[in-house]
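Presented below is the structure to which this report refers.
The values are calculated or read from the model by the stated rules, or taken from the named source; none is laboratory data. Model, not experiment: these values are computed from the prediction. Positions of Cβ are backbone-derived with ideal geometry, glycine not excepted, and every protein chain shown enters the neighbour counts.
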Amino acid sequence: MRDTENIILNVFKNNSTKDLSTEFLSKKVYPQEYSQIENLMQSSDIVYIHDAKRRKFQLHRKLLYYMNKLIDSKIVKITRIAEKGEKYFTLQTGEDDTIIEKGYKTVISKPAMTSMYINQYESRGVMKKYEEDSWINRLNSIMLECAKIPDIDRLYNLIIECFTNVNDVIALNEFENILNAASDKTLKEFTSKIAKDTENSEKTVAIIINIAQTNNNIYEFINHYAEINPKKMNIVFNLSNKDLQKHSKILEHIIEKFSDSKIKINFKNNDLSRAPYFKGRAGIYNFDEKDWNIYDKKFKGNVVGVSCSQSQVAVNINRFFEIYRTDSEFRQAILGAAKTLLLANTIQRRKSHEYFRNINNINYPNSADFYKFSRDYIRFWNYDWHKDVTENHNLFALVENTKELVDNFCYSEETIFKSCGIPIRFKIAFSSAFRNFDQKFMGERDYKKFTVNKAEDYYNGEIKEFLGIREKMFEIFDGGDRLRIFRKSDFVIADILHELGIIFSAYKIPFFTYDFSGLKGTVKLTSFM
Amino acid sequence: MIINEKICVDGWKKVLKYILDEGTDFTDTDNRQCREVLNLMVTIEQPEKDHDKLIDIMKQFEWIYPTSEELSTIIFNKEDLAIYEYSYGPRIFNFGNKKDQINDYIIPLLKSDPSSRRAVISLFNPSTDSDILNKNIPSLMYIYFKIKNNELICTCFIRSNDFFIGWPGNIYQIYLLQKYVSDKLYIKTGALSTMSCSAHIFHEHFEYVKKII
């Protein structure tokens, strides 16, 4: 196959389900020529503009010559002809087709039609797959065990290798192992590089730090992190109630630096959950507590990485109940989502050698351990839990009994497949969705913001009731949830430590975020010191 | 108990009824209610007639049953796919990354000695499966091949056998293997027997079972 045809196929490879226009293809196939044309188009001289148009026309003709060859070979087809006669093309191949031509091998994986159970919900905008183009051939989230990674360079390389297999987040568990051993300089370089790479690749890296295990390196690391304020990274600080007092100096430093830079601070309460929690673009991820106990006893120390989530869908609850009315319809829809996830997993299994080659090498020779604790996610958006407590109880009950239904379905399917000699793991976790799951699908946020001005607020009746509801949600959402606390009004750091103490001791909230975006000015340590 | 039938569907229905009527109830380690019969032997005289029929029946229900393609892949794919804890294919065709039990043993053995009683393969690996913490070990443990009246008969030993949802897949897979070996030996397939140490049905499936029988 000629080089140009191969380049065209590679463009389709990355856009296997889309219709691509002649212009889009020209831009990708002839980037240099196209950029020259664009420069000419910017000119104010009409002669240059005419020249640019002529060159663009020629470039399209050149591309169409190769497109016609691919059409003749039944590899692509024209889907439509838009205004001014511009042609749109798509792959003519079926699911998971492999195209092999003279000397070149181009494998184009077209996501299989796994939507049969949720078609009607997708078309009505109440259900959405996460990153549809890669929802099967990439994992949502994985976690790397820093304790098993010899140094910061190897960690960096591993993260980059994994980017191609992940469509949301890579978590770095027990990052203190790297933090304590690396020099300030290498840590700075690492953080800056990851900050840039995550932005370029549209991926998230979540750093998990056990405060109690850190040494003095954390101070400089926090300073640098606050300075660069990475857009696609986040840190989760794991600590227990006891650690709050014991390590208050580190916490003061974190609060001061992060609040000044308006960086959200995520806390996980180790007293309530041993399993890691981390934040991705789609929402919160975690591991099942029982699974984590097994992992802790049997696998920890032997594996470098584990998969946390394979595929996920989100449901817009408010929109769902605008269209469908009954609880039974809701249960049916969620069961449909579960079946869709099972089909997605089936394809992942079949193609795991192709899709996850890098990943399978991480734990080699114990490659199977990578998937032992993985789940799929069904996430919920705009469910208005706070509006009417009585009504919420109904929704709680509905989500709870739907979860039971889904758990039974998963269990039955595991039994069916195991009985047939196919020992699959199939678990579905429920969780809330973030707006960034897909901003267009989610629409506007319809949540009440939980704003705190002072520690006493936590004793206020309304807030106590609200937090009670959130505690209940944490119980229902076995895939993790997050309480976001918008901190307003001026404060001294001691205030925040006091507030943390209240949440840690009085509420069963395993994971929460302090959001300082509403603050004005900078925080002072003065009255505390 | 020994049950003999000509075709798979009849054998399956007869066993399901037998377990329902004669089985004893117990609660398994996952706290699920089962009804079981111990040491149940079923012989299907002509499995070639309808070895794939039971899968079609299973697809009529609300769950998702593995496809014939996946069932076949799992028994024939010798690659150890990371996403499975274990898989029949590698155990049969690449046991311990060393032994192709079918092509390097069963077929040459039966070619050189058609009356051999040594043609048995093992899917059970004590070095990894005999572990108290390991719950995921193969149910299908041994398969025995024997040439009788110029037909290849096949007997397999299944330690734990969900007769309602598992056996349809098992019989399909084992028949495919029986056919593979018989083709290589240029003989016909004969009877297929399963010996199930625990042949059981979960209580939650009773309703479906009753519909079938």
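Among the residues of segment B:133-161 satisfying the criterion of being aliphatic (A, V, I, L, M) and not in a strand (DSSP E or B), which is farthest from the other protein chains (Cβ to nearest Cβ)? The extreme case among them is B:I137. Remark: pairs (first residue in segment A:191-219, farther than 25 Å from A:L139 by Cβ; second residue surrounded by 19 or more Cβ atoms within 10 Å (Cβ to Cβ) and of a type in the set (G, A, S); Cβ separation under 8 Å; 6+ apart in sequence or on different chains) = A:N217/A:A182.
Restricted to segment A:414-448, and to residues there that are within 30 Å of B:G89 (Cβ to Cβ) and of a type in the set (S, T, Y), the residue that is nearest to the other protein chains (Cβ to nearest Cβ) is A:S419.
What residue, of A:I323, A:I317, is more than 13 Å from chain B (Cβ to nearest Cβ), more than 21 Å from the chain's Cα centre (by Cα), at pLDDT below 95 and closer than 17 Å to A:F380 by Cα? Full working, then the answer.
Numbers: A:I317 fails: more than 21 Å from the chain's Cα centre (by Cα).
Result: A:I323 is the single residue among A:I323, A:I317 that is more than 13 Å from chain B (Cβ to nearest Cβ), more than 21 Å from the chain's Cα centre (by Cα), at pLDDT below 95 and closer than 17 Å to A:F380 by Cα.
Considering only residues that are out of contact with any Leu (no Cβ under 9 Å at 6 or more places or on another chain) and closer than 21 Å to B:Y180 by Cα, which ones fall in segment B:53-65? If the condition is that a residue be out of contact with any Leu (no Cβ under 9 Å at 6 or more places or on another chain) and closer than 21 Å to B:Y180 by Cα, then B:K53, B:L54 are the ones that fit.
In this structure, does B:I7 turn out to be modelled with pLDDT of 90 or more, surrounded by 21 or more Cβ atoms within 10 Å (Cβ to Cβ) and not small (G, A, S)? Considered against the rule, which asks whether it is modelled with pLDDT of 90 or more, surrounded by 21 or more Cβ atoms within 10 Å (Cβ to Cβ) and not small (G, A, S), B:I7 comes out as no. It is to be established whether one or more residues within segment A:155-166 are assigned to a helix (DSSP H, G or I) and over 24 Å from A:K300 (Cβ atoms). Yes; the residues of segment A:155-166 include at least one that is assigned to a helix (DSSP H, G or I) and over 24 Å from A:K300 (Cβ atoms).
Would you pick out the residues in segment A:454-486 that are assigned to a loop (DSSP other than H, G, I, E, B) and in contact with a strand residue (DSSP E or B) (Cβ under 7 Å, 6 or more places away or on another chain)?
As a first pass, look at segment A:454-486 and keep what is assigned to a loop (DSSP other than H, G, I, E, B): A:454, A:460, A:477-482.
A:F477, A:D478, A:G479, A:G480, A:D481, A:R482 - these are the residues of segment A:454-486 that are assigned to a loop (DSSP other than H, G, I, E, B) and in contact with a strand residue (DSSP E or B) (Cβ under 7 Å, 6 or more places away or on another chain).
Just checking, does segment B:46-61 include any residue being of a type in the set (D, E, K, R), more than 9 Å from chain A (Cβ to nearest Cβ), in contact (Cβ under 8 Å) with a residue 60 or more places away in the chain and over 26 Å from A:L335 (Cα atoms)?
Of all residues in segment B:46-61, those of a type in the set (D, E, K, R) come to B:48-50, B:52-53, B:56, B:59.
Subsequent filtering for residues that are more than 9 Å from chain A (Cβ to nearest Cβ) retains B:48-50, B:52-53, B:56, B:59.
Retained after the next criterion (residues that are in contact (Cβ under 8 Å) with a residue 60 or more places away in the chain): B:48, B:52.
Within this subset, residues satisfying the condition of being over 26 Å from A:L335 (Cα atoms) are B:48, B:52.
The answer is yes, given that some residue of segment B:46-61 is of a type in the set (D, E, K, R), more than 9 Å from chain A (Cβ to nearest Cβ), in contact (Cβ under 8 Å) with a residue 60 or more places away in the chain and over 26 Å from A:L335 (Cα atoms).
Across segment B:80-112, the qualifying residues are those that are modelled with pLDDT under 85 and at the interface with chain A (Cβ under 7 Å from one of its Cβ atoms), and the one among them that is surrounded by the most Cβ atoms within 10 Å (Cβ to Cβ) is B:I83.
If we keep just the residues of segment A:295-333 that are among the β-branched types (V, I, T) and part of a strand (DSSP E or B), which is surrounded by the most Cβ atoms within 10 Å (Cβ to Cβ)? In this case the residue turns out to be A:V313.
Scan the helices (runs of 4 or more DSSP H) fully inside segment A:215-277 and keep the ones with 2 or more residues being out of contact with any strand residue (DSSP E or B) (no Cβ under 8 Å at 6 or more places or on another chain) and over 23 Å from A:A195 (Cβ atoms). Write out each step before concluding.
Details: elements: A:217-228, A:241-246, A:248-260.
Hits in segment A:215-277: A:241-246, A:248-260.
For every residue, the table says whether it meets (1) more than 22 Å from A:P365 (Cα to Cα); (2) within 14 Å of chain A (Cβ to nearest Cβ); (3) of a type in the set (D, E, K, R); (4) not in a helix (DSSP H, G or I).
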{"position": "B:W63", "(1), (2), (3), (4)": "yes, yes, no, yes"}
{"position": "B:L71", "(1), (2), (3), (4)": "yes, yes, no, no"}
{"position": "B:I74", "(1), (2), (3), (4)": "no, yes, no, no"}
{"position": "B:R117", "(1), (2), (3), (4)": "yes, no, yes, yes"}
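So is A:T451 in the same structural domain as A:G283 (by TED's automatic domain parsing) and either at pLDDT 85 or above or outside any loop (DSSP other than H, G, I, E, B) (or both) or not? For A:T451, the condition - in the same structural domain as A:G283 (by TED's automatic domain parsing) and either at pLDDT 85 or above or outside any loop (DSSP other than H, G, I, E, B) (or both) - is not met.
Scanning segment B:20-61 for residues that are in a helix (DSSP H, G or I) and touching a Cys at 6+ places or on another chain (Cβ under 8 Å) returns B:P47, B:K49, B:K53, B:L54.
Based on this model, can you work out whether A:F430 counts as crowded, with 17+ Cβ neighbours inside 10 Å and farther than 30 Å from A:Q245 by Cα? In short, yes. Of all residues assigned to segment A:367-374, at least one qualifies as being within 7 Å of chain B (Cβ to nearest Cβ) and either among the polar types (S, T, N, Q) or free of Cβ contacts under 8 Å to residues at least 40 places away in the same chain (or both). Of all residues in segment B:162-201, those that are surrounded by fewer than 19 Cβ atoms within 10 Å (Cβ to Cβ) and not in a helix (DSSP H, G or I) total 4.
Filter segment A:376-413 down to residues that are modelled with pLDDT of 90 or more and within 14 Å of chain B (Cβ to nearest Cβ) and give me whichever is surrounded by the fewest Cβ atoms within 10 Å (Cβ to Cβ). Of everything passing the filter in segment A:376-413, A:E404 is surrounded by the fewest Cβ atoms within 10 Å (Cβ to Cβ). The criterion of being at pLDDT 95 or above and under 22 Å from the mean Cα position of the chain (by Cα) does not hold for A:I218.
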